[in-house]
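The values are calculated or read from the model by the stated rules, or taken from the named source; none is laboratory data. Quantities reported herein were computed from a predicted structural model and do not represent experimental measurements. Reconstructed Cβ throughout: ideal geometry from the backbone, glycine too, with neighbour counts over all protein chains shown. To get the accessible areas, we keep the full protein, side chains included, count just its heavy atoms, and leave off ligands, DNA and RNA. Shrake-Rupley method; radii C 1.70, N 1.55, O 1.52, S 1.80 Å.
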Amino acid sequence: MAALLARAHELDAAPSRGIVLPDGRNAFLVRVHGRITAFVNRCPHQRVPLNVPEGEFLEARGELIQCGMHGALFLPESGECVFGPCQGRSLEPVAISVDAEGNVYLASE
Ligand code: FES
């Protein structure tokens, strides 16, 4: 059975949130323009969590994922870094599925 990660309405108040995957890795969900995607919470630059020191995963306009350490910006669709010291590298995506009730599951293999 697929693991339930979150419910879409939990992204109503804030469009991103940290989660813990069933294997114990820290990850996060973002919702940008209505689309939810998920990535492992590790910047490809120095392999630290992205949401330091402010606890946020998105830049102020809510369009791009941002690493708080040195300001790298990532596309929410693919995790590709488009600005900053790790430009051209990518966040590690987490495959998810969202059902009609808004339940966000870890996609099964
Ligand atoms: S650790 Fe993320 S940009 Fe440097």
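For segment 69-87, which positions are touching a Ser or Thr at 6+ places or on another chain (Cβ under 7 Å) and within 10 Å of the ligand (Cβ to nearest atom)?
Scanning segment 69-87 gives a single hit, 81.
Give just the number: which of (1) part of a strand (DSSP E or B); (2) buried (at least 17 other Cβ atoms within 10 Å of the Cβ) does residue 43 not satisfy?
Answer for residue 43: the failing condition is (1).
So residue 57 fits all but one of (1) touching a residue at least 24 places away in the same chain (Cβ under 8 Å); (2) more than 9 Å from the ligand (Cβ to nearest atom); (3) more than 23 Å from residue 108 (Cα to Cα); (4) open to solvent by 50 Å² or more (accessible area, probe 1.4 Å); what number is the exception?
Evaluating residue 57 over (1) touching a residue at least 24 places away in the same chain (Cβ under 8 Å); (2) more than 9 Å from the ligand (Cβ to nearest atom); (3) more than 23 Å from residue 108 (Cα to Cα); (4) open to solvent by 50 Å² or more (accessible area, probe 1.4 Å) leaves (4) as the failure.
Scan segment 88-103 residue by residue and report those that are surrounded by fewer than 14 Cβ atoms within 10 Å (Cβ to Cβ) and either of a type in the set (Ser, Thr, Tyr) or within 14 Å of the ligand (Cβ to nearest atom) (or both).
The answer is 88, 92, 97.
Quick one: residue 48 ticks every box in (1) within 13 Å of the ligand (Cβ to nearest atom); (2) among the hydrophobic types (A, V, I, L, M, F, W, C); (3) surrounded by fewer than 18 Cβ atoms within 10 Å (Cβ to Cβ); (4) under 23 Å from residue 7 (Cβ atoms) bar one, so which box is it?
(4)
Among the numbered criteria (1) at pLDDT below 95; (2) small (Gly, Ala, Ser); (3) under 12 Å from the mean Cα position of the chain (by Cα), which single criterion is violated by residue 79?
(1)
I'd like to verify a number: residues in segment 1-40 that are in contact with a Pro (Cβ under 8 Å, 6 or more places away or on another chain), farther than 18 Å from residue 75 by Cα and open to solvent by less than 40 Å² (accessible area, probe 1.4 Å), how many?
Residues that pass the stated criteria total 1.
Go through segment 10-29 and give me each residue that's among the hydrophobic types (A, V, I, L, M, F, W, C) and not in a loop (DSSP other than H, G, I, E, B).
11, 19, 20, 27, 28, 29
Pairs, please: C-beta under 8 Å, at least 6 apart or cross-chain, first residue at negative phi and in segment 78-98, second open to solvent by 20 Å² or more (accessible area, probe 1.4 Å) and β-branched (Val, Ile, Thr)?
If the second residue must be open to solvent by 20 Å² or more (accessible area, probe 1.4 Å) and β-branched (Val, Ile, Thr), the pairs left are 96/36; 98/36.
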